[in-house]
1. Given the conditions (1) out of contact with any helix residue (DSSP H, G or I) (no Cβ under 9 Å at 6 or more places or on another chain); (2) within 21 Å of Thr20 (Cα to Cα), and given that Tyr175 satisfies all but one, which numbered condition is not satisfied?
2. With the requirement that a residue be surrounded by fewer than 18 Cβ atoms within 10 Å (Cβ to Cβ) and either of a type in the set (D, E, K, R) or under 23 Å from the mean Cα position of the chain (by Cα) (or both), what does region 231-248 give you?
3. Does Glu202 count as out of contact with any strand residue (DSSP E or B) (no Cβ under 8 Å at 6 or more places or on another chain) and either acidic (Asp, Glu) or within 12 Å of Met189 (Cα to Cα) (or both)?
4. Check whether at least one residue in region 55-69 is farther than 19 Å from Arg282 by Cβ and basic (Lys, Arg), and report yes or no.
5. Inside region 272-293, can you point out the residues that are under 17 Å from Gln238 (Cα atoms) and either assigned to a loop (DSSP other than H, G, I, E, B) or outside the structural domain of Arg258 (by TED's automatic domain parsing) (or both)?
6. Filtering region 132-184 down to residues that are among the small types (Gly, Ala, Ser) and in contact (Cβ under 8 Å) with a residue 60 or more places away in the chain, which residue is surrounded by the most Cβ atoms within 10 Å (Cβ to Cβ)?
7. Please pick out the residue among Leu265, Leu273 that is under 15 Å from Leu188 (Cβ atoms), within 24 Å of the chain's Cα centre (by Cα) and not acidic (Asp, Glu).
8. Could you list, in sequence order, the residues of region 53-112 that are of a type in the set (D, E, K, R) and either over 23 Å from Tyr175 (Cβ atoms) or modelled with pLDDT of 90 or more (or both)?
Amino acid sequence: MAYRSGFIAIVGRPNVGKSTLINALIGKKVAITSDKPQTTRHRINGLITTEDYQMIFVDTPGMHKGKDLLNQTIDKIAVQSLQDVDLILFVVDKKFGAAEAHIIKYFEHVQVPIFLLINKIDQYETKSEIDSLILTYLNTYNFEGYYPISAKDKTHLDRLKNDLVPYLPEGPQYYPQEMQSDQSETTLMSEFIREKILSLTEQEVPHAVAVVIERLEENHKNKTLDVDALIIVERASQKKILIGHQGDKIKQIGMLARKEINYELGRKIHLSLWIKIKKDWRNRESDLKAYGVGDF
């Protein structure tokens with residue numbers, strides 16, 4: 001039997017659980033998650049490789065109409081991710097509405113099978129509730145199939161993967177067998193730090209934050225990897241929130257991020273965090289590029 005391989009884009013509006021889904025499919029944390037919109041800011045490839053096939057799941061930012069250059073760039077990344085893929089998984093978690101219609105219009109220019117995934121079915125009490133949600137999508141697009149799933153509980157994910165295999169084109173193994181993500185350790189570290197900021201702050205702070213790893217150095221004496229990370233914010237008030245009372249907030253962020261990096265990457269690190277104010281960085285191409293957002 002010929003080897004199959006293909007790229008599978010996971011798309012949807014913000015906060016439908018795309019990153020949780022890719023982590024569940026891969027069986028490893030390759031994308032950060034939070035309850036804040038626009039947690040994912042760039043394209044992430046998560047890989048499943050077997051003797052018969054290789055699935056490359058492409059986690060994309062939530063599609064939306066952005067106001068600043070950062071969010072416009074994020075939306076552009078999501079739209080571009082529809083190109084040059086072999087399959088698309090359209091993830092929703094509520095009845096068809098304006099946000100879903102905004103995304104479906106991009107499908108008109110795509111000539112690949114598109115599957116509708118109704119996520120978060122663990123939040124519904126009856127099957128009829130799920131069925132009524134699916135019915136709102138029946139005449140919106142000619143989907144290849146409908147899959148009620150729970151990314152959180154991994155419900156029906158094995159069935160989904162098995163059903164996708166025949167749709168993969170014959171092709172080579174693009175990535176090494178042991179590889180589960182195309183993200184570098186440095187990128188993952190900065191993302192894990194940003195994830196802790198997202199979970200511990202509210203209002204405008206999560207959206208105004210970028211994280212850059214400035215230094216990585218092996219500490220042979222302490223047998224650690226010393227990591228210096230720079231947290232970028234736009235205003236002094238945001239810096240004050242991140243520092244917290246007597247520095248308790250930044251200490252908590254650092255502690256949780258260090259534990260996450262130690263566990264997920266298997267690296268014992270010593271983490272130092274610094275905060276820098278860069279006014280209006282979300283509206284400058286040079287800053288977005290420097291902070292790893294977009295492709296300018």
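The values are calculated or read from the model by the stated rules, or taken from the named source; none is laboratory data. In this text, all values refer to a predicted model and were calculated from it rather than measured experimentally. Note that we place each Cβ from the backbone using ideal geometry, even for glycine, and neighbour counts take in every protein chain shown.
1. Result: Tyr175 passes all but (2).
2. Hits for region 231-248 are Arg235, Lys239, Lys240, Asp248.
3. For Glu202, the condition - out of contact with any strand residue (DSSP E or B) (no Cβ under 8 Å at 6 or more places or on another chain) and either acidic (Asp, Glu) or within 12 Å of Met189 (Cα to Cα) (or both) - is met.
4. No, every residue in region 55-69 fails to be farther than 19 Å from Arg282 by Cβ and basic (Lys, Arg).
5. Those that are under 17 Å from Gln238 (Cα atoms) and either assigned to a loop (DSSP other than H, G, I, E, B) or outside the structural domain of Arg258 (by TED's automatic domain parsing) (or both): Lys278, Lys279, Asp280.
6. The qualifying residue surrounded by the most Cβ atoms within 10 Å (Cβ to Cβ) is Ala151.
7. Unique residue meeting the criteria: Leu265.
8. Selection gives Lys65, Lys67, Asp68, Asp75, Lys76, Asp86, Asp93, Lys94, Lys95, Glu100, Lys105, Glu108.
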